[in-house]
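The values are calculated or read from the model by the stated rules, or taken from the named source; none is laboratory data. Computed from a predicted structure; not experimentally measured. Here the Cβ positions follow ideal geometry from the backbone for every residue, glycine too, while neighbour counts run over all protein chains shown. We work out accessible area using only protein heavy atoms, side chains counted, and drop any ligands, DNA or RNA first. Shrake-Rupley method; radii C 1.70, N 1.55, O 1.52, S 1.80 Å.
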Amino acid sequence: MAIPFHDMEGRRHNMDNGMPTRYDASQSEAKWYEAWEQAGLFQPDPDPGKPVYSITIPPPNITGSLHMGHALCYPLQDLLGRYRRLRGDSVLILPGQDHAGIATQSVVEKQLRKEGTSGAQLGREAFVERVWEWRKDSGDTILQQLRRLGCAFDWSRQRFTLDDKYAEAVLKVFIDWFDRGLIFRGKRVVNWDPVLQTSVSDIETERKTVKGKLTYIRYPYADGSGHIVIATTRPETMLADVAVAVHPSDERYKDKVGKMLILPLMKREIPLVADMYPDPAFGSGAVKITPAHDANDYQVGVRHNLPMPVLLDERARITEEGGIYAGLDRLEARKRIVADLEEQGFLEKIEDYEIPIVVSERSGEVIEPLLSEQWFCDQPKLAEPIINAVKNGEVHFHPERYERIFLEWMENIREWCVSRQLWWGHRIPIYFTEDGTPVAALNWEEAEKKAGAKIVRQEDDVLDTWFSSGLWPFATLGWPEQTEDLKRFYPTSTLITDRNIINLWVARMMMMGYDLMGEKPFSDVMIYATVLTHDGKRMSKSLGTGVDPMTIIDTLGADALRYTLLSQTGDNQDLRYSERRTEDARNFCNKIWNATRFVLMNVVPSSVKASPPANLEASDKWLLSRLHLTERKVREAYDNYDIQSACQALFHFFWGELCDWYIEISKPRLNDPATRETPQWVLLTAIEAFLKMMHPVMPHITEELYQHLPIEGKSDFLMSADWPRIADSFSFEEEEAQMERVFEVTRGLRALRASIDLTPMKPIPVAYYQGDLYGAEQVLSSQAWVQELRQGKPAERTVSSTVAGIDLHIPIGDLVDLDKLNSNLGKDLAKLSDEHAKLKLRLDNPQFVERAKPEIVERERATLEDMESRMTKLKERIDLFK
RNA sequence: GGGCGGUUAGCUCAGUGGUAGAGCACUUCGUUCACACCGAAGGGGUCACAGGUUCAAAUCCUGUACCGCCCACCA
């Protein structure tokens, strides 16, 4: 296409510089990603003299494809990496994936079910093999998508939590902790997921309330002296009741404690015990005790040394303990038992009741508390050093409020059930001798050596996924070997994650890092916002409210998507995603593209000098001064994880200052060979600095444009360039303020034109001004489209206004609608008088004058004076048209 | 039950003591030789509510309402 170009003599030519008028993201993105990768820019700089910045990314699960949350999370890390790289650090961002035990296993189980088979049918070995196949297929999708987002991660150092080396590290930790007594076996009531048939931890469950029934049952005393009434939401568990408990202070039962009761249906005798647990104010004050199926009941059972029969099996069906009800599903059993109780006269009453239930996050199934043998980790012991470290400021949270939430949780931390009854994961390295003694060892042979006895079996359970991901910041770097990477990159710099896994993951990394490395795993934890739909709903595939980031990238580009999400990232806890905002971001890309294209069309390469020209005009100084300020703002914002402020500053500088004013002002000078060198230099300086500062957010378009810049001392890539150094000598406070006033006056003159319906941008022959324009008359006349700007006030009839102390006059003929004009002037005066009255009132208040800061009072006085002078002028102007 | 966040223009959000801001949307005007994915000029807000502190409150304090999130063993 034909594009105008200026030659050495300043004559215009049409020349094809190959840049279309619209930025085409699809052309640019893959091209530059590949170029960076080939140039090895994703690997850390080996220079040992450079400061190090490292991140081990939260490994995405291998269970599907990326969603909008990922499209924020990973570019955010990429942003920090790119920023630190520009600032001169050696940057490592280490990617990887998590085997995600329960999640992955249930995905594959679902597939098998569709094929008419199951894990149980395949057997352990074949099933695990099948999951590995799935990992190969699905794992790459996610990596491909991270590339499309522009993430400059070091793929050569990629890790997977089930890789041989990583797995060995996991086992070593288990063995170490077992030998140190930090891991132990115990019988506890755990959360049992009857669908996945495994235990899950408290934080993998969700609490809900559902409409249900509260059933009151009569338990007769064995001696025939009447009965006691208990209330329960789970009548079926009565089959395994071993006692009824009342509070020791409860007068109703004081003389009954110690008596025996007859358990209805089972006709078994159980004692009435006194315990602190029951609340006398609730129901009848008496609680049935089923130790194997309720954590509280279990505690009572332990205190009173009661038996603990297990009534439900791994699928939540009634066991042999349930006598004639054996084999029934728990809900079926409930119906039958209530019916039988009624028939036999034990049912007191049934009330509607809001039942609190616990649901498994993974399967959605109601969790059954179940007494079983599990492996536990002594978290309270591990937590101590962390609490101190966070309090001492070794690890910082952003936003800060999460620090307190985290500490509160750490201070109330409990045992961690680390065993899962799954196949996909790290099998617990415990071996049992014939007499059942557990030995922790890397393998069978070592276990026998360690035990000095014959080993008969290995523990079947695998470890909770978070046990392995807790090692992520150092196991990925080669631990337990003292590798070069480990020495160089640990502790890592920043951890960026979702607030939902602070306790699940962040806490574990901290505990494991401090215990095993003796040092924090990272110095900053940044919690980013949850991405919601445009109307504030949760994004979810099943609800159909999810937006696929890849579709957005296809149509609007990765940079636009990144900008959309990153420019809304501050310390907010939610973020609403709307495609319209991505369209705005795409428009911003296009603006950047075209402004740069304009500069390139107006730059003669030979005229580009590395050092600033001597003859800077006020507008040049203004722009450089704004650039100076913008650089500081952006740097500080990036440093404080306040990405939205960085984006805002960059947007405003580029669109509102560089494009709206500087480029427009400079056009006349750029068209004149005698004056164009200075604005050329200023433009290139500003654009180069802007592209660098924008690069962490929008890496592709900035790289593309940087490659076009005809400047000296360029790097091969913008990505590997240096952060702009804007000398303090570019700060021109006085010129800056003066130019701002000239712009204000310009806007005033444009508005004055509009008030008499003068079409914008159509030149008018003459306008007058009174006051000091600091020599920037040219700016006013060109930007308010005036052919001739004269000083003074003409004798002929004019419309006038006063802006920033400058009087403006446009001569008018007879064509002006005087009524409209007068009405407008009247409105202005009314508004002004109103403000004036308010301000006057304030200044007349002696307390204000006395107590307010003197500079405030002085400023208000000046404002008042200005208002008065404007009012006088307005009145004169109104009189003129009467 | 406890804790945390939010409530500012039609929409999405900035704004931590000194005359209410941005982007989008809207109205009017305009294709000017970077860009109509553009430019110019406008309209639009008792800053959720009620008290309090202060010369001065969107901003600080107390309380209330609504929305969202997290934590919690009441059968």
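Cross-link partners for A:Lys349 among the aspartates and glutamates, with Cα-Cα distance under 16 Å and sequence neighbours closer than 8 places in the same chain left out: A:Glu236, A:Asp340.
Just need the Rg to Rh number for region A:633-778, please, alpha carbons only, Kirkwood Rh. Provide the component values of the computation, followed by the final result.
Working: Rg = 18.3 Å, Rh = 17.9 Å.
That ratio is 1.02, to two decimals.
Express the carbon and sulfur contribution to the solvent-accessible surface of chain A as a percent, rounded to the nearest whole number, probe 1.4 angstrom. Reported share for carbon and sulfur atoms: 48 percent. Placing one equal scatterer on every Cα of region A:346-390 and applying the Debye formula, the log10 ratio I(q)/I(0) at q = 0.23 Å⁻¹ is -0.94. Applied to region A:252-267, the Karplus parametrisation 6.51 cos²θ - 1.76 cosθ + 1.60 on θ = phi - 60° returns per-residue 3J(HN,Hα) values of 4, 10, 3, 8, 9, 4, x, 5, 9, 10, 9, 6, x, 6, 8, 6 Hz, with x for Gly and Pro. Spacing of the modelled spin labels on A:Asn822 and A:Ala295, each 7 Å from Cα toward Cβ, amounts to 8.2 nm.
The convex hull of the Cα atoms of chain A, projected and averaged over all directions, covers 52.4 nm². Straight-line reach from A:Lys259: taking Cα to Cα under 21 Å and skipping same-chain neighbours fewer than 8 places apart, the lysines in range are A:Lys267, A:Lys288. Derived from the Cα gyration tensor, the three semi-axes of the equivalent ellipsoid of region A:757-812 are 16, 15, 10 Å, largest first.
Label-to-label distance, A:Arg488 versus A:Thr759, with points set 7 angstrom from Cα along the beta-carbon direction: 6.5 nm.
Heavy-atom accessible area per residue, region A:798-882, 1.4 Å probe: how many Å²?
On the way: 5430 Å² over 85 residues.
That works out to 64 Å² for each residue.
Our compactness index for region A:352-477, the C-alpha radius of gyration over the empirical 2.2 N^0.38 Å, is 1.39.
For region A:586-676, the equivalent ellipsoid derived from the alpha-carbon gyration tensor has semi-axes of 26, 16, 12 Å in decreasing order.
Sorted largest first, the principal axis extents computed over the alpha-carbon atoms of region A:650-729 equal 35, 27, 27 Å. Based on DSSP H segments of at least four residues, each scored -39500 (n - 2.57), chain A has a per-residue ellipticity at 222 nm of -13000 deg cm²/dmol.
Can you give me the orientation-averaged projected area of the convex hull built on the Cα atoms of region A:391-539, in nm²? In nm², the orientation-averaged hull projection of region A:391-539 is 12.3.
Each principal axis of the Cα cloud of region A:95-162 was taken in turn, and the coordinate range along them, longest first, works out to 43, 21, 16 Å. Within the same chain, lysines fewer than 8 places from A:Lys853 are excluded, and of the rest, those with a Cα less than 23 Å from its Cα are A:Lys838, A:Lys840.
Let me check against my output: what whole-number percent is the relative contact order of chain A, with C-alpha pairs under 8 Å and at least 6 apart? So the answer I get is 12 percent.
If you model region A:258-375 as an ellipsoid using its alpha carbon gyration tensor, with each semi-axis the square root of five times an eigenvalue, the axes come out at 22, 20, 17 Å, biggest first.
Over 28 Å apart at the Cα level, from the set A:Lys110/A:Lys520; A:Lys381/A:Lys454; A:Lys591/A:Lys714; A:Lys187/A:Lys454; A:Lys591/A:Lys820, are A:Lys110/A:Lys520; A:Lys381/A:Lys454; A:Lys591/A:Lys820. Entry comment: accessible area of region A:455-532 is 27 Å² per residue, from protein heavy atoms only and a probe of 1.4 Å. In region A:730-858 the Cα-Cα distances spread across 10 Å bins starting at 0 as 11, 33, 28, 19, 8, 0 percent of all pairs. Long hydrophobic helices in chain A, taken as whole DSSP H segments with a C-alpha length of 24 Å or more on their own axis and mean Kyte-Doolittle hydropathy at least 0.0: A:677-694.
Pairwise over distinct Cα atoms, reciprocal of the mean inverse distance: report the Kirkwood radius of region A:169-324 in Å, one decimal place.
After inverting the pairwise mean of 1/r, the radius is 17.5 Å.
Its residue count N fixes a reference of 2.2 N^0.38 Å for region A:102-231, and the Cα radius of gyration divided by that reference is 1.71.
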